[in-house]
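Visitor: Quick one: the structure is below, questions incoming.
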Amino acid sequence: MSNQPFGTSSLGSGLPQQRIGAAAPQCGNKAPREKKDELRLLVNSHHPLITIETSEESRVEELLSEVACEMGVVFYTWSVTTGLARSGGSPIYHTGDPEQALANLALLKDEAIFLLKDFARYCEQDRICRRVRELAESFRTARRSIVISGASLRLPPEIEADAAPFYFSLPDANELLPAVKEALADASRTNRIPLSLDAALIAQLARNLVGLPLEEAVRTLEMCLLKRGRGDTSLLTDVLEAKRRTLRQEGLLEAVRRDASFNDVAGLARLREWVRKRKSALTPEGREFGLEPPKGVLITGVQVCGKSLAARAVAGEWAYELARLDAGSLYDKFIGESERKFRQALELAQKLSPLVLWIDEIEKAFASASAGSDADAGLSQRLLATMLTWMQDRVSGVFLAATSNNISSLPPEMLRKGRFDEIFFVDLPNEPVRELLFALHLKKRGRESAGFDLKQLAQTSEGFSGAEIEQSIVSGLYTAFSQKRQLSTEILVAEIRGTQPLSVTRAEEIAALREWAKSRAVPADSVALESYRFPAGGPTAC
Ligand SMILES: Nc1ncnc2c1ncn2[C@@H]1O[C@H](COP(=O)(O)OP(=O)(O)O)[C@@H](O)[C@H]1O
Ligand SMILES: [Mg+2]
């Protein structure tokens with residue numbers, strides 16, 4: 001790729017030339033530097049067609065206009081309503097028609113960036129498709145690039161093959177900050193909303209809005225300000241809540257309220273200790289000391305024994321944001337859409353960092369990647385490849401907490417050393433943990449455990465999972481209420497005796513899970529350690 005320094009070629013436009021690295025204050029500096037460098041590289045290396053998939057048209061326009069200015073090339077925009085126009089100039093007559101616009105574009109001899117808004121839809125037409133390809137061919141030797149933008153780009157394969165996709169990410173906190181300040185100042189001026197936020201809190205406000213496109217972030221902030229009627233610390237939680245609602249609607253990543261910590265989890269002592277220890281790696285002191293930031297765990301094991309709960313608890317323990325990636329929702333009937341959605345979700349996760357990215361029942365997304373021949377396998381394999389690359393390359397700040405009910409159906413690449421920091425196996429709770437489970441869930445329902453014989457309850461509930469113990473309390477409360485009595489050990493024992501636990505009905509399945517885990521996973525609960533053989537080197541020291 002030629003990396004021609006900007007300003008050294010002959011300029012058809014007559015615009016002032018820039019020296020490499022020279023500051024160009026007149027060009028504006030709203031767009032992030034690294035994005036501008038990336039784009040400049042594409043244009044300088046003679047990419048005739050660039051695609052940018054985004055709904056943030058004004059940010060794209062700003063970015064391209066700043067890049068064009070810094071490079072000393074002309075910037076043209078086109079839309080079906082305005083036609084083709086040079087930046088700051090009037091539209092060229094009759095160029096609203098897409099084909100006519102391309103014909104005019106072919107006649108322009110400037111080194112230039114041409115932004116064609118929402119142009120993908122016209123490329124389906126034979127003549128337009130052909131013209132775009134011809135133009136692309138003739139642009140290959142010059143710094144002339146056509147940029148096609150749109151919220152959802154689907155191009156004919158002939159054009160797609162020629163196009164370089166440019167990933168236009170959501171704004172980070174630094175980019176949002178000026179807009180946040182402006183919105184606050186505006187609210188104070190126009191609506192006389194009192195403000196009591198210092199610089200640090202305003203910066204936090206901008207961070208809380210990360211994950212939303214610029215205009216949406218500003219709208220969200222304005223709405224929260226108007227609703228609250230003042231700009232104080234409560235505004236920080238308001239915008240966070242509003243952002244979670246928006247992300248939920250989008251359906252890519254569900255920002256979940258942190259509702260659990262390890263105080264809500266009985267047992268799983270080894271997993272809990274592992275997570276607690278890794279917290280120090282997240283502090284500046286820990287990093288300075290050389291602690292590797294943790295990347296992710298996979299929690300597998302017997303059903304309804306607290307895998308999902310534990311994954312959520314990691315966020316509570318570290319005070320990280322929590323977002324769930326619904327593996328099932330990734331699949332889309334359009335080829336390419338699923339990968340795009342997945343890439344967007346991972347990018348969003350990075351933006352929201354520090355974040356615990358929770359993928360529940362991860363086998364649902366990737367199981368068919370290992371199956372080989374069925375229709376889904378190809379897509380599943382590509383998603384898996386994206387996932388593995390991300391797991392390998394991502395910078396710290398996003399911790400992956402994945403759970404799986406059926407780990408043996410996961411593709412082996414995913415379980416290879418180095419992908420997850422650790423694989424934990426959650427087994428049925430043993431007697432002391434069952435005692436804790438009764439105490440915990442009784443307390444959650446406003447009952448003091450001192451009034452119950454926890455030992456007897458734990459002994460009677462051999463083979464019960466956490467959820468089944470919780471359920472026995474829920475049913476016991478109904479029984480007690482209908483008999484106009486208080487909940488008692490006796491009622492609970494009767495509930496337990498009347499229940500057939502999953503471990504009996506699914507004994508074979510559980511035995512197979514345990515067998516699988518023996519050599520591949522670390523027990524999440526240290527109490528059950530004796531029953532495991534560890535792989536060479538022993539369990540991870542905690
Ligand atoms: N170890 C545990 N500690 C506390 N509660 C538990 C535990 N295991 C299960 N539960 C209860 O059962 C519910 C279901 O557990 P969940 O985490 O969804 O199980 P899994 O993901 O393993 O299938 C939890 O929300 C919690 O109320
Ligand atoms: Mg679960």
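The values are calculated or read from the model by the stated rules, or taken from the named source; none is laboratory data. All values reported here derive from a predicted model rather than from experimental measurement. Reconstructed Cβ throughout: ideal geometry from the backbone, glycine too, with neighbour counts over all protein chains shown. SASA here: full protein model, heavy atoms, side chains in, ligands and nucleic acids out. Shrake-Rupley method; radii C 1.70, N 1.55, O 1.52, S 1.80 Å.
Visitor: Those residues that are among the small types (Gly, Ala, Ser) and either within 11 Å of ligand 1 (Cβ to nearest atom) or at pLDDT 95 or above (or both), I need them from segment 241-275; list them, please.
Guide: Start the filter on segment 241-275 by keeping residues that are among the small types (Gly, Ala, Ser), which leaves 242, 251, 255, 260-261, 266-267, 269.
Scanning segment 241-275 gives 260, 266, 267, 269.
Visitor: For residue 180, state whether it is touching a residue at least 40 places away in the same chain (Cβ under 8 Å), surrounded by 15 or more Cβ atoms within 10 Å (Cβ to Cβ), more than 25 Å from residue 347 (Cβ to Cβ) and over 20 Å from the mean Cα position of the chain (by Cα).
Guide: Details: touching a residue at least 40 places away in the same chain (Cβ under 8 Å): yes; surrounded by 15 or more Cβ atoms within 10 Å (Cβ to Cβ): yes; more than 25 Å from residue 347 (Cβ to Cβ): no; over 20 Å from the mean Cα position of the chain (by Cα): yes.
Judged against the criteria, residue 180 is not a match.
Visitor: From the list 57, 70, 53, 66, which one is in contact with a strand residue (DSSP E or B) (Cβ under 8 Å, 6 or more places away or on another chain), charged (D, E, K, R) and within 24 Å of residue 29 (Cβ to Cβ)?
Guide: On inspection, the qualifying residue turns out to be 57.
Visitor: Can you name the residue in segment 316-337 that is among the hydrophobic types (A, V, I, L, M, F, W, C) and modelled with pLDDT of 85 or more and, of all such residues, is nearest to residue 379 (Cα to Cα)?
Guide: The residue in question is 325.
Visitor: Would it be correct to say that residue 323 is in contact with an Asp or Glu (Cβ under 8 Å, 6 or more places away or on another chain), open to solvent by less than 10 Å² (accessible area, probe 1.4 Å) and of a type in the set (A, V, I, L, M, F, W, C)?
Guide: In short, yes.
Visitor: Let me ask something else about it. What's the total number of residues in segment 477-505 that are within 25 Å of residue 426 (Cα to Cα), touching a residue at least 12 places away in the same chain (Cβ under 8 Å) and not in a helix (DSSP H, G or I)?
Guide: 2
Visitor: Which condition breaks for residue 222 when tested against (1) of a type in the set (D, E, K, R); (2) farther than 28 Å from residue 444 by Cβ; (3) not in a helix (DSSP H, G or I)?
Guide: The one condition residue 222 does not meet is (3).
Visitor: Only one of (1) at pLDDT below 95; (2) farther than 30 Å from residue 277 by Cα; (3) open to solvent by 70 Å² or more (accessible area, probe 1.4 Å) is not met by residue 520, so which one is it?
Guide: Evaluating residue 520 over (1) at pLDDT below 95; (2) farther than 30 Å from residue 277 by Cα; (3) open to solvent by 70 Å² or more (accessible area, probe 1.4 Å) leaves (2) as the failure.
Visitor: Would you say residue 329 is outside any loop (DSSP other than H, G, I, E, B), open to solvent by 10 Å² or more (accessible area, probe 1.4 Å), of a type in the set (Ser, Thr, Tyr) and out of contact with any strand residue (DSSP E or B) (no Cβ under 7 Å at 6 or more places or on another chain)? So that I can check it myself, show each step before the final result.
Guide: Working: outside any loop (DSSP other than H, G, I, E, B): yes; open to solvent by 10 Å² or more (accessible area, probe 1.4 Å): yes; of a type in the set (Ser, Thr, Tyr): yes; out of contact with any strand residue (DSSP E or B) (no Cβ under 7 Å at 6 or more places or on another chain): yes.
Considered against the rule, which asks whether it is outside any loop (DSSP other than H, G, I, E, B), open to solvent by 10 Å² or more (accessible area, probe 1.4 Å), of a type in the set (Ser, Thr, Tyr) and out of contact with any strand residue (DSSP E or B) (no Cβ under 7 Å at 6 or more places or on another chain), residue 329 comes out as yes.
Visitor: For segment 392-442, give me the residue count where each residue is open to solvent by less than 20 Å² (accessible area, probe 1.4 Å), more than 16 Å from ligand 2 (Cβ to nearest atom), among the β-branched types (Val, Ile, Thr) and farther than 18 Å from residue 270 by Cα.
Guide: Residues in segment 392-442 being open to solvent by less than 20 Å² (accessible area, probe 1.4 Å), more than 16 Å from ligand 2 (Cβ to nearest atom), among the β-branched types (Val, Ile, Thr) and farther than 18 Å from residue 270 by Cα: 1 in total.
Visitor: Right, next: When you go through (1) touching a residue at least 12 places away in the same chain (Cβ under 8 Å); (2) more than 14 Å from ligand 2 (Cβ to nearest atom); (3) open to solvent by 50 Å² or more (accessible area, probe 1.4 Å); (4) on the phi < 0 side of the Ramachandran plot one by one for residue 282, which number turns out not to apply?
Guide: (3)
Visitor: Go through (1) open to solvent by less than 40 Å² (accessible area, probe 1.4 Å); (2) out of contact with any Leu (no Cβ under 8 Å at 6 or more places or on another chain); (3) touching a residue at least 12 places away in the same chain (Cβ under 8 Å) for residue 255 and report which single condition fails.
Guide: (2)
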